[in-house]
1. Quick check on region 1-100: take the gyration tensor over C-alpha atoms, sort the square-rooted eigenvalues as a ≥ b ≥ c, and tell me if it's rounded (a/c under 1.5), prolate or oblate.
2. How do the peptides 246-257, 653-664 rank, highest first, by the average count of neighbouring beta carbon atoms within 10 Å per residue?
3. Between Arg499 and Gln214, what FRET efficiency follows from the Cβ-Cβ distance if R0 is 45 Å, with the result rounded to 0.05?
4. From Cα pairs below 8 angstrom and at least 6 apart in sequence, can you work out the relative contact order of region 1-96, rounded to a whole percent?
5. Between the alpha-carbon centers of region 602-632 and region 357-401, tell me the distance in whole angstrom.
6. List every residue whose amide H lies under 5 Å from the amide H of Ser292, counting only residues 5 or more places away in sequence or on a different chain, with H placed 1.01 Å from N in the peptide plane.
7. Which listed residue (His512, Val444, Leu500) has the Cα farthest towards the positive end of the charge dipole for region 425-556, taking +1 on Lys and Arg C-beta and -1 on Asp and Glu C-beta about the Cα centre?
8. Compute, for region 293-402, the length of the dipole vector about the Cα centre, with Cβ point charges of +1 (Lys, Arg) and -1 (Asp, Glu) only. Units Debye, rounded to 20.
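The values are calculated or read from the model by the stated rules, or taken from the named source; none is laboratory data. Remember, it's a predicted structure, so these values are computed and weren't measured experimentally. Cβ sites come from the backbone with ideal geometry, for glycine too, and all protein chains shown count toward neighbours. The accessibility values were calculated without ligands, DNA or RNA, using every heavy atom of the protein model including side chains. Shrake-Rupley method; radii C 1.70, N 1.55, O 1.52, S 1.80 Å.
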Amino acid sequence: MPQLMQPQLNDNALTVLERRYLRKDADGNPVETPEQMFWRVAVDIAGADRKHDPSVDTESIALDFYELMASLDFLPNSPTLMNAGRDLQQLSACFVLPVADAMESIFTAIKNTALIHQSGGGTGFSFSRIRPKNDRVASTGGIASGPVSFMKVFNSATEAVKQGGTRRGANMAILKVDHPDILEFVACKQDPAVLTNFNISVGITEAFMSAVEQGEDYELINPRTGQSVRALAARHVFDLIVDMAWRNGEPGIVFLDRINRDNPTPALGDIESTNPCGEQPLLPYESCNLGSINLAHMVKDTPSGPEIDYARLGDVVTRAVHFLDNVIDQNRYPLPEIEQMTKANRKIGLGVMGFADMLIRLGIPYNHEDALRIGEQIMEFIGEKARAASVELARTRGPFPNFDKSTHADGEPLRNATITTIAPTGTLSIIAGCSGGVEPLFAVVFTRNILDGQKLLEVHPLFEEVAKERGFYSEALMETISQQKSIGELNDIPEDVRRLFVTAYDVSPEWHVRTQAAFQKHTDNAVSKTVNFRQEATPEDVRSVYMLAYRLGCKGVTVYRDGSRREQVLTTGAQDAGQVEQQSRAPGQHITPRPRPHVTRGATYKTRTGCGNLYVTINEDEHGLCEVFTSMGKQGGCMASQAEAVSRLISLALRSGVAPESVIDQLKGIRCPNLSWENGGKVLSCADAISKAIERHRIGDAAEDEGQVQKEIADLLGLCPQCPECGGTIELSEGCLVCRSCGYSKCP
């Protein structure tokens, strides 16, 4: 190994590399240094040049690739860092697999999913071709179970496979909005115990959005027959999507028609799915090969102040395109179909990280018009330089094989069908020591757990530099900041500094979407971005963001409302006062139920009991289930009064914060002498019937008129704010969970 520059890595980066990236011996001890890792990757990726020119000096190319990575100006996606030059040699981050409406296809996809997850990749699927629930199955004379049932099988297979010993499998499930099972799909993740290895997104069409805007109905199409089965009110479905996203962050939405408008190879078919985080639309059997440029390094000091270093940025872009194109040739693909499709289109995804840091170095707040201008300008420059680099590679290596069938066929030959993507950079940004993707800062100061339960405050280096220069730095102040979501109200910090160091909590949802749209204008594929909401946001706020994303040209959008999950994912050490009070209430203190709102929404469920028909009405407000009413059919007297008493106590418990699951557990199984049967199951008593109605409401029960799904408020997802490996702080960024202490990540 030649004499190499030493990478400048902070403590967090070293921890992440040692835990997840460096080669290890049989006992799990690292047997290579970060320097050796970068050299291993550089030598392997440079080897692709010899396939095009046997006389080329690959060592000089390897030295160039090494400097590109060791300088932290550019990093490829994690599988490339982990596996290049090693036995596995699987270098792609994600794949899309086809799922046809046939049992053989479904279970072939499950088998291939397991192979991909074992090799360290994530998978995306469209389940839109599977016939709907209760549809006819001619071969067996039975009825179909529908897409959601098969998603659960995929989820179980994912749970059983540990990716390459370092990464847990992640999946994306997409269902078109005109599939007959769309309502069941929208509500399928309200239970925190199911589909834990899936992100879900609704595939939105232009026709559907037009119907939403016009207040019209739209048709649901059976994919088996191609025939309309019924119509739904588009606004009803859209509001249901919004409501679920407000409650627990899913589903996201993907604008499929917009994605296919930019599909470079429409002759090969429509794009129906994306990778797990939604930023890389892919045809079946395509893979994505991603890398990110560190924008924090692309600022230079000049006599007139800091400026964007376009010369350095352009140089890095050109070298990164060369690197990523080589990855395609060096990759060992998990399936021959994937190798064939990937090499035929040669898609790469060059993106960015450290945008928030770049803005800070330029003295521009994230939520400022100048930030939008710079974002658009930066991505336009990267797109132009990357395309020029791909054209140059095509001159010496030839265009991608499907070039003549592509939308590029009338222009200059290109080496790659797509070139730019803005992907999540959870662990990559930790290694590079910069902010993630195009997201704002998560926190200015956060706590990192170290050995023996000790904690260390991690201060953003640019903030620490400013604080010391301006004379307001102190350990006490840093400790105070670590307990805050924002420094906006801390008067010990100068106002201009507070404006500059804004966090995700400070940035309004509108600014999140506008930032995403600014980068999307000049990105071939899509942009991974989370639109953050404060806890007090309403469903109407979410609806406005979805409509804004549609109108500004985004290809999809993912939202997250602070505090909308069982335990807070985005944590800085602070909790909302209500949460703290609820968790720390002393014994003997009394709980005052929240008042009943003037307007509620809900559904009524009819259940046959041994005492007659029981009608159970379940209503909810913005906080969750809030009340239960019961009415006996023709029966009355004592049984009706007891049912009413039970329902009043349930309502009192729900408005006092008791979890619906606890109510169900207390009522389920209570017996009386008069049993009944309902839908093939026993109803043991009126109390048991009420528990079953609440449970149906939780799961989501499709009514026959419009297929309306009613559901328990799903502010529960069961995700822990502490890292399961080191106990550090988990943040939600770009759709993934990331621990900046040890590098643990999961894209559920």
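1. Cα axes put region 1-100 in the oblate bin.
2. Details: 246-257: 24.3, 653-664: 17.6.
Most protected by this proxy first, the peptides run 246-257, 653-664.
3. Details: r = 41 Å, r/R0 = 0.92.
Here the calculated transfer efficiency is 0.65.
4. 26
5. Spelled out, the Cα-based centre of one part sits 56 Å from the other.
6. Under 5 Å from the amide H of Ser292 lie the amide H atoms of Leu75, Gly351, each far enough along the sequence or on another chain.
7. With unit charges placed on the Cβ atoms, the residue in question is His512.
8. Here the size comes out at about 440 debye.
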